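Okay, so here's the structure we're looking at.
The values are calculated or read from the model by the stated rules, or taken from the named source; none is laboratory data. In this text the structure is predicted, and so the values were computed from the model without any measurement. Because the Cβ atoms are built from the backbone with ideal geometry, glycine has one as well, and the counts that use them run over all protein chains shown. Side chains are part of the model used for accessible areas, which takes the heavy atoms of the whole protein and leaves out ligands, DNA and RNA. Shrake-Rupley method; radii C 1.70, N 1.55, O 1.52, S 1.80 Å.
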Amino acid sequence: MDSRGNRDYRPKRLLRKTGCVKREMKRYFLLLFVGLLVAFALRVYRLGDQNIWWDEGLAIWAVRHSLPEVTLWTAGDVHPPLYFWLLWLWVRLAGEGEFAARYLTVMVAMLTVAAMAPLGRRLGGWAAGATALWLLALSRFHIWWSQEMRMYALAALAATLSFYFLLRWVSDPQRTQRAQRISKPLLPLRSLWLELAWVGATVAALYTIYFSALLLVVQNLYVFFVGLRRADRWTLWRRWLIMQGAALALWAPWLALAIPRMRSWSVVQEPVSPGFVFLLNGVLLTLGISTFVERYLWAILAVLAVLLWGTAVRLFRARRGEARRSAAEKLWLLALGTLIPPLMVWLVTQPRMLFYTPRVEARYFLSFAPLFYAWLGWAVSLPSLPQDRRRGGDWGVRVRAALVLAMMLWALSGHYTDRRLRDELQSMVRAVWAQAQSGDAVVLVSGDRYPLFLYYYDRTSAPADRPPVYLVPQKSLRLDPAGVEAELAPIAGMHSRIWLAEVESHLQDPEGMAEAWLAGQYARLLTLEFGYNRLHLFGLREEDVTADGALPQYPLSAVPVAGLEVLGYDLPVWEVRFREGRPGDPLRLGLYLRASPPLVPEGLAGKECSAYWAARSSLPWVTLVGPSGETYATMLTVCPSGRVIYRLLEFPAACLPAGQYHFELRAPEGGIVSFGKVRVTHAQPEPSVAEIPQRMTAYLGESVRLVGYGLYRDWGVWGKGALSPGAAVHPGDRLFLDLYWQADGPVEENYIVFTHLVGTIHNPATGNPVWGQDDHEPLRGHCPTSLWLPGRLLRDRYELVFPADTPAGEYLLEVGMYRWDTGERLPVSGDGADPEARRILLGTVRVEP
């Protein structure tokens with residue numbers, strides 16, 4: 001019976017075949033649905049857990065202007081305006097947060113993934129469509145740029161639709177044997193719809209990135225090849241020229257506006273070879289990796305073998321005549337769309353005198369990437385219907401598909417490894433917000449880094465009365481003694497207090513002229529350090545810096561404890577991590593506090609308040625409490641009495657074991673206020689005593705113990721392959737020294753570790769017998785001794801380099817600790833101790849010519 005209750009008189013064999021096809025179609029659409037869900041999950045996972053980078057910050061800076069201003073700005077930029085128009089509307093609807101602003105790209109990327117199914121089906125059937133969708137869904141390269149606030153995912157969508165509509169138009173029923181299936185009056189309308197759709201998609205691509213003009217090159221070669229094999233070639237080519245003319249006519253107004261405004265400049269330092277460009281393109285398409293691409297040649301060869309194998313099988317299994325001709329045409333398009341783009345990338349990145357010359361970047365390959373995955377899906381896909389599988393060869397396509405998917409999944413996890421939100425400029429901006437007053441101004445010395453600062457400073461959650469920002473310098477590329485007063489004097493004349501934000505100030509003020517000039521005109525009220533960036537506050541007179549009326553990121557309504565009230569706190573990030581050989585994430589906490597009697601006498605302020613705290617034997621503590629109860633504490637002073645003050649505290653993440661932490665404010669009288677949570681991940685694992693190559697027991701001061709060391713030639717190893725004492729080295733060699741520390745109790749001060757290679761011959765470069773040296777705080781300053789947890793073993797690496805002119809002979813390896821302010825060394829005892837020189841001798845190395 002059919003759906004209307006009528007008896008179906010078709011043969012049972014045909015009914016069984018039709019039912020089987022219906023079941024296969026249900027499975028097909030289920031496979032597409034699951035693929036889309038997987039693609040969406042991979043693209044929104046940790047979408048907001050990555051700091052805005054420079055290009056994204058510039059995009060936000062641009063779309064904060066009016067739409068006509070955005071259009072004129074892009075006319076002088078290196079990209080057309082379509083993405084910026086969409087972003088301009090989107091941020092006004094969804095906001096400027098990292099997740100919200102990037103979600104526009106995710107939506108565009110999901111449309112591209114969905115478009116892969118009809119594109120693949122048009123190329124090689126239902127199975128090819130499903131395979132192409134899954135390949136793009138799992139592509140690390142496409143996921144990468146789906147999570148960036150840039151226009152390249154939009155260009156990939158427009159290019160994919162352009163190719164899809166071109167394929168449909170070329171196989172239009174007016175020019176095929178399927179014309180009898182469609183009513184003749186509808187044929188022109190169908191063809192016109194496809195032509196308009198192609199024009200719309202192509203124009204969208206041209207208005208997204210200029211590199212999309214390459215679409216016309218590839219598609220012209222394809223249509224010319226197709227026309228040579230068609231009887232109606234002249235009609236085909238004539239209609240094609242009309243379609244291109246319409247697309248170029250719609251693009252021409254933008255070119256007329258943009259070309260006179262384009263600048264000629266280059267960022268290319270040294271041209272790369274075509275071979276490198278093709279290698280980079282291959283590694284990006286297969287693994288989505290853009291660094292050390294030479295290591296992944298095997299991946300390209302494996303995928304190339306699968307691609308050629310599958311393509312050969314496809315062509316062999318295609319029936320002669322129309323099917324073989326159609327397969328050859330599709331292969332021609334796929335080959336053109338895969339091989340021409342890297343060649344064009346190489347050409348446009350060659351130095352020239354006209355317009356913008358970019359360096360080779362991964363993003364330039366994204367537009368044509370979907371066409372490659374469509375080809376790969378066409379080559380590895382299973383037969384479409386059950387009866388096709390009886391032809392044999394099913395095991396081969398399964399092997400090809402499994403190999404490609406395994407490689408993509410292997411590479412995919414690496415995309416999320418370092419993806420996290422770091423406190424880069426957020427705390428600096430919030431320090432200004434919290435403590436600014438009416439009449440203040442911010443002088444920003446940052447070179448071209450200003451979009452990153454302004455992204456955080458002017459975002460929608462910013463106070464409406466925040467100080468204005470002046471970008472300095474405006475009259476020159478770098479500050480010089482003659483121009484610093486001309487830049488800063490007009491600003492100083494309008495404002496009573498000046499905030500100086502130095503963000504990568506070495507780009508325009510490496511000698512600190514802005515700070516020196518302001519220090520000569522104003523009193524220095526505050527200085528905060530944020531890694532290599534700094535924030536200063538200068539005022540006309542000495543005064544306490546307060547935060548009255550400021551709004552914390554996380555307000556609290558805690559009951560005052562012994563006269564100390566916590567009004568709220570700023571915690572820009574909730575996850576920090578430390579990885580070996582890389583800078584650790586800073587964990588910064590901004591506290592809004594108010595002190596009153598009995599903690600601080602009423603009316604106490606200024607120097608009197610500072611003297612009061614200096615005379616006290618106990619101070620308030622802010623403690624970071626770990627998962628096992630371990631604590632890391634920082635002392636506080638709260639001045640003046642009765643006013644809201646802002647204190648910015650920093651806890652080095654390198655010292656912290658992995659786990660969940662929270663903060664506690666402890667008053668001198670014993671009261672405790674708990675607040676805030678943060679998670680530490682990827683912490684340095686505590687080494688075991690068994691892995692220490694050279695064990696010893698030496699003591700420095702009262703609480704520090706050196707339990708061993710290891711000396712290596714290779715950075716990436718520890719515990720194994722250590723050099724033995726007296727090992728032979730050569731001038732110019734680089735050695736890595738691991739020191740294993742342990743604190744027997746709390747360490748009250750921060751000390752510098754020194755590691756020296758001492759010879760018997762005077763070194764003219766150092767003025768003493770030291771020929772190799774590396775002095776710094778433990779873990780490159782990320783784990784000062786005052787934050788060491790008693791009993792926890794810490795591995796600390798140092799780098800010692802022998803100069804090329806090092807004379808042959810024996811060299812002593814000595815280590816120790818000293819105070820950073822006086823240079824006084826800590827007393828030593830135990831194994832290898834030299835109490836008179838206050839050093840520990842680890843042994844010798846022998847330099848041979």
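Among the numbered criteria (1) open to solvent by less than 80 Å² (accessible area, probe 1.4 Å); (2) in contact (Cβ under 8 Å) with a residue 60 or more places away in the chain, which single criterion is violated by residue 256? Unmet condition: (2).
Where in region 751-849 are there strands (runs of 3 or more DSSP E), lying wholly inside it, with at least 2 residues that are touching a residue at least 40 places away in the same chain (Cβ under 8 Å) and within 23 Å of residue 652 (Cβ to Cβ)?
Numbers: elements: 751-763, 768-773, 793-801, 809-819, 828-830, 839-847.
The qualifying strands (runs of 3 or more DSSP E) are 751-763, 793-801, 809-819.
Reported count of residues in region 271-304, each being of a type in the set (Ser, Thr, Tyr) and loosely packed, with under 14 Cβ neighbours inside 10 Å, is 2. Before we move on, is residue 251 touching a residue at least 40 places away in the same chain (Cβ under 8 Å) and open to solvent by 20 Å² or more (accessible area, probe 1.4 Å)? Criteria met by residue 251. Looking across region 53-80, the residues that are open to solvent by less than 20 Å² (accessible area, probe 1.4 Å) and closer than 15 Å to residue 90 by Cβ come down to 56, 59, 60, 62, 63, 70.
How many of the residues in region 102-157 are part of a helix (DSSP H, G or I), touching a residue at least 60 places away in the same chain (Cβ under 8 Å) and within 19 Å of residue 34 (Cα to Cα)? Reasoning before the result, please.
Our first condition is that a residue be part of a helix (DSSP H, G or I); within region 102-157, this holds for 102-124, 126-137, 140-146, 152-157.
Add one more test, that the residue is touching a residue at least 60 places away in the same chain (Cβ under 8 Å), and what stays is 106, 109-110, 112-117, 119-120, 123-124, 126-137, 140-146, 152-156.
If we keep only those that are within 19 Å of residue 34 (Cα to Cα) as well, we get 106, 109-110, 112-117, 119-120, 126-137, 140, 142-143, 146.
Count: 27.
When region 217-237 is filtered for residues that are in a helix (DSSP H, G or I) and open to solvent by 20 Å² or more (accessible area, probe 1.4 Å), the ones remaining, listed by number, are 217, 220, 221, 224, 225, 228, 233, 234, 235, 237. On the basis of being outside any loop (DSSP other than H, G, I, E, B), touching a Pro at 6+ places or on another chain (Cβ under 7 Å) and polar (S, T, N, Q), does residue 413 make the cut? Against the criterion (outside any loop (DSSP other than H, G, I, E, B), touching a Pro at 6+ places or on another chain (Cβ under 7 Å) and polar (S, T, N, Q)), residue 413 does not qualify.
Given the structure, is residue 581 of a type in the set (Gly, Ala, Ser) and modelled with pLDDT of 70 or more? Step through it out loud before you land on a result.
On the way: of a type in the set (Gly, Ala, Ser): yes; modelled with pLDDT of 70 or more: no.
When the stated conditions are applied, residue 581 does not pass them.
Out of curiosity, is residue 791 within 19 Å of residue 697 (Cβ to Cβ) and open to solvent by 40 Å² or more (accessible area, probe 1.4 Å)? In short, yes.
Residues checked against (1) touching a Phe, Trp or Tyr at 6+ places or on another chain (Cβ under 7 Å); (2) among the small types (Gly, Ala, Ser); (3) more than 30 Å from residue 679 (Cα to Cα):
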residue	(1), (2), (3)
486	no, yes, yes
529	no, no, no
534	no, no, no
537	yes, no, yes
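Restricting attention to region 283-331 and to residues that are in contact with a helix residue (DSSP H, G or I) (Cβ under 8 Å, 6 or more places away or on another chain) and hydroxyl-bearing (Ser, Thr, Tyr), the residue that is nearest to residue 414 (Cα to Cα) turns out to be 290.
Residue 401 satisfies every condition listed in (1) modelled with pLDDT of 90 or more; (2) surrounded by 15 or more Cβ atoms within 10 Å (Cβ to Cβ) except (1). When we screen 136, 196, 167 for residues that are closer than 23 Å to residue 218 by Cα, of a type in the set (A, V, I, L, M), open to solvent by 30 Å² or more (accessible area, probe 1.4 Å) and at pLDDT 90 or above, the only hit is 196.
Taken over region 617-628, the criterion of being open to solvent by less than 60 Å² (accessible area, probe 1.4 Å) and either part of a strand (DSSP E or B) or modelled with pLDDT of 80 or more (or both) is satisfied by 622, 623, 624, 625, 626.
Of all residues in region 408-440, those satisfying the criterion of being surrounded by 19 or more Cβ atoms within 10 Å (Cβ to Cβ), under 23 Å from the mean Cα position of the chain (by Cα) and of a type in the set (A, V, I, L, M, F, W, C) are 408, 411, 421, 425, 428, 429. Pull up region 543-569, narrow it to residues that are under 27 Å from residue 607 (Cα atoms) and in a strand (DSSP E or B), then point me to the one that is modelled with the lowest pLDDT. Per the criteria, the residue is 561.
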